[in-house]
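As structure tokens, the structure follows; a few thoughts come after it.
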Amino acid sequence: MGTDIRQQRDKSVYPSLYGEGSNYPMYYVNYDEAKEFCRRLSERTGRSYTLPTEAQWEYAARGGRDGVRDNYTYSGSNSIGPVAWYDGNSGDSTNPVGRKSPNQLGLYDMSGNLWEWCLDYYGSYSSSSQTNPTGPSSGDYRVLRGGSWFNFESRCRVTNRDVNYPSCRDYSLGFRVVCLP
């Protein structure tokens with residue numbers, strides 16, 4: 001995208017950096033910038049990239065079918081330490097990607113390190129069973145999943161969700177992308 005973490009930080013109201021380097025996740029990213037990254041990546045590669053829906057994010061965090069059956073509390077484990085950076089082990093900063101154990105799909109840092117923007121608007125869950133649900137078609141808030149480096153353990157569970165305005169930019173917000181078939 002042509003920006004580094006310092007330039008992202010300079011767009012925010014926060015003065016500090018919380019980890020920096022080529023193997024660190026990008027943070028200080030708002031929702032619109034994450035969507036623009038997906039658009040440009042799609043244009044550059046000729047493939048379709050997007051942010052995950054909340055359901056896609058949770059499926060991936062749980063490790064696909066095996067993760068659902070195993071019903072792990074965190075992405076890849078019932079113990080947070082081996083799989084996530086959180087307030088108890090992060091050193092008050094983001095951490096390089098890939099230093100913790102991956103989940104069953106080989107994905108790193110889906111619990112902890114950074115909250116990740118999801119495609120969905122925030123809304124209450126339906127009480128009926130659904131397959132691959134999507135959020136409401138409009139709203140003020142977007143869904144965030146995963147927890148971050150400064151959160152308590154409970155905020156990093158794969159079932160936990162948070163919300164924020166799409167324009168929000170802070171030291172705990174990042175994203176991951178999905179490549180569509």
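The values are calculated or read from the model by the stated rules, or taken from the named source; none is laboratory data. Please read these numbers as outputs of a predicted model, since none were measured by experiment. In this analysis, Cβ positions are derived from the backbone assuming ideal geometry, glycine residues included, and neighbour counts consider all displayed protein chains. Heads up: the accessible areas ignore ligands, DNA and RNA and are worked out on the full protein's heavy atoms, side chains in. Shrake-Rupley method; radii C 1.70, N 1.55, O 1.52, S 1.80 Å.
Screening residue 153 against (1) under 19 Å from residue 52 (Cβ atoms); (2) more than 12 Å from the chain's Cα centre (by Cα) leaves a single unmet condition, (1).
Set side by side, the residues 101, 148, 129 differ, and just one is part of a loop (DSSP other than H, G, I, E, B) and touching a residue at least 40 places away in the same chain (Cβ under 8 Å), which is 148. Filtered by the rule that a residue be surrounded by 11 or more Cβ atoms within 10 Å (Cβ to Cβ), of a type in the set (Ser, Thr, Tyr) and modelled with pLDDT under 95, the range 126-153 gives a lone residue, 134.
Report the residue count in the range 91-119 for those that are over 18 Å from residue 52 (Cα atoms) and open to solvent by less than 10 Å² (accessible area, probe 1.4 Å). Summing the residues that are over 18 Å from residue 52 (Cα atoms) and open to solvent by less than 10 Å² (accessible area, probe 1.4 Å) in the range 91-119 gives 2. In the range 41-53, the count of residues that are in contact (Cβ under 8 Å) with a residue 24 or more places away in the chain and out of contact with any Leu (no Cβ under 8 Å at 6 or more places or on another chain) is one or more. Among all positions in the range 65-85, there is no residue which is part of a loop (DSSP other than H, G, I, E, B) and under 17 Å from residue 119 (Cβ atoms). Within the range 151-176, the residues that satisfy the criterion of being assigned to a loop (DSSP other than H, G, I, E, B) and either closer than 24 Å to residue 74 by Cβ or of a type in the set (Gly, Ala, Ser) (or both) are 151, 152, 157, 158, 159, 160, 167, 170, 171, 172, 175, 176. Considering only residues in the range 1-51 that are among the hydrophobic types (A, V, I, L, M, F, W, C) and not in a loop (DSSP other than H, G, I, E, B), the one that is nearest to the chain's Cα centre (by Cα) turns out to be 34. Of all residues in the range 18-55, those that are among the hydrophobic types (A, V, I, L, M, F, W, C) and open to solvent by 20 Å² or more (accessible area, probe 1.4 Å) total 4.
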